[in-house]
1. Got the relative contact order for segment 19-267 handy, in percent, Cα pairs under 8 Å and 6 or more residues apart?
2. Distance between the C-alpha centers of segment 134-178 and segment 332-347? Whole Å please.
3. Which of the GluC sites (Glu not before Pro) found in segment 323-379 are loop residues per DSSP with 15 or fewer other Cβ atoms within 10 Å of their Cβ?
4. Taking a point 7 angstrom from the Cα of residue 211 along the C-beta vector, which residues in segment 172-188 have backbone N less than 15 Å away?
5. Expected output is a single nm value to one decimal: the length gained when fully extending between residue 303 and residue 52, i.e. 0.36 nm times separation in residues minus the C-alpha distance. What is it?
6. When the Cα atoms of segment 115-155 are enclosed in a convex hull and the volume is divided per residue, what value in Å³ results?
7. If I build a Gaussian network model for the chain, linking alpha-carbon pairs within less than 10 angstrom, which residue out of 126, 388, 32 has the largest mean-square fluctuation?
8. Among [x] 221; [y] 158; [z] 146, find the value of volume of the Cα convex hull per residue in Å³ that was calculated from the structure presented, and write down its label.
Amino acid sequence: MPSLSDRLKSLGVQVGAEQLKPPRETRDKSIQAHLGGELVSTERGDAYVVERRYPVAGENYPAPLWGSGSLDLLEAWAREPGVAGLGREKFAFLDTETTGLSGGAGTFAFMVGIGKFEGDEFRLAQFFLREPGEEPAQLAAIEAFLAGTTALVSFNGKSFDAPVVNTRYAMHQQPSPLEGMAHLDLLHLARRLWKLRLPSRRLGDLEIEVLAIARSAEDIPGYLVPQMYLDYLKYGDAEPLKGVFYHNEWDVLTMAALMTHIADLLSNPVEATRHDLDLLSIGVLHEDLGQVSEARALYLECLGRPLEQNAWLEAARRLSFVYKRSDEWDSAVKLWQTAAGKGQLYAHEELAKYHEHRTRDLGAALEWTQGALEKIDTQGFPVLERYQWKPALEKRLKRLEGKIRRISE
């Protein structure tokens with residue numbers, strides 16, 4: 001009489017745990033056939049690593065990976081003193097592929113891609129977990145690869161990649177080599193530089209819109225990556241992972257090219273900028289960093305270019321306040337008069353302040369205040385802006401009328 005186990009097998013039910021995942025040798029053969037790579041010996045075992053080298057000038061990748069642009073503004077923005085003086089061999093470019101996007105102790109990086117410069121080449125290594133048990137060896141190999149680098153470059157790495165990697169080292173009670181490194185997270189700077197022009201500042205979109213690069217059909221969407229790794233662990237077929245390796249490889253290369261492009265752009269914005277809106281964003285960046293003279297020059301440059309009206313008016317507004325802070329009242333007033341003629345309420349308010357407190361022309365101050373109130377009461381004026389502006393304007397009007405009345409009595 002057949003046993004219960006035999007009857008379950010005849011019905012196609014898997015019995016026992018031996019075959020819940022493919023044998024190790026099956027996965028290893030598939031990896032070698034489709035991915036290449038080699039085993040790197042560490043004190044914690046063998047780590048699987050795929051390496052490629054690229055000429056810095058951009059051959060085999062359609063953009064320079066390092067240029068001559070200064071990193072001074074990048075250093076100031078990132079608040080990482082000393083970064084601008086580092087040689088390129090001190091930078092490491094990091095991107096991870098993980099089992100999930102939530103982070104935390106349950107998420108591990110099954111692939112860590114890191115690029116660094118060695119001579120005239122960009123050396124890119126991808127540290128891959130053939131199975132999760134190899135993580136101690138993977139982490140040891142990453143630490144060895146990072147030796148000699150002191151600055152980390154990432155894209156959203158401060159919020160995601162670096163914490164994930166640091167957590168994995170902590171899980172194995174090992175200090176992370178990322179701790180203490182200067183960190184340039186290009187995502188936040190990209191949002192500042194291209195928010196006026198681009199609706200999306202994802203790395204892939206910047207690759208197309210800023211670097212003018214298009215990936216091949218081999219690339220895969222990032223949201224598919226975790227499931228593809230889980231499928232590999234389940235079925236042992238490494239061929240679909242070729243797209244994951246390609247995706248990670250180009251993310252790392254793009255980070256190097258993007259930092260180079262940003263450095264060139266910020267070093268010589270008037271000559272290097274291909275889009276006038278970017279020039280305005282760079283001016284705002286300078287101003288926010290307290291570099292007023294540089295911001296002033298860029299705002300003036302913007303006013304001489306055919307910017308669309310809202311951007312032109314924003315450049316004029318910012319430049320007017322630069323003039324105001326430096327007591328260049330004639331220049332500020334000219335810009336406010338132009339802006340007021342284009343319906344800008346702030347300009348009405350500034351002209352009212354100017355005449356009330358500097359020229360003592362209360363009649364002119366009253367006229368500018370009344371003009372602003374008339375504008376916000378016109379049909380179609382945004383309701384929210386009306387509620388924001390009206391109380392202060394009415395208060396100013398009442399005070400001016402009181403002053404004029406007292407003088408005339």
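1. On the way: 410 pairs, mean separation 70.4, N = 249.
This gives 28 percent for segment 19-267.
2. 53 Å
3. On the way: sites: 328, 349, 350, 356, 367, 374; in loops: 328.
Sparse-neighbourhood loop GluC sites (Glu not before Pro): 328.
4. It comes to 186-187, nothing else.
5. Numbers: separation 251, 0.36 × 251 = 90.36 nm, distance 4.65 nm.
Taking 0.36 nm per residue and subtracting the Cα distance, the gain is 85.7 nm.
6. Numbers: hull volume 3.7 nm³, N = 41.
Expressed per residue, the convex hull around the Cα atoms of segment 115-155 is 90 Å³.
7. 388
8. Among [x] 221; [y] 158; [z] 146, the one calculated here is [x].
A short reminder: the numbers here are calculations on the coordinates, not readings from a lab. All values derive from a computational prediction rather than experimental measurement. FYI the Cβ positions are ideal-geometry reconstructions off the backbone, even for glycines, and counts take in every protein chain you see.
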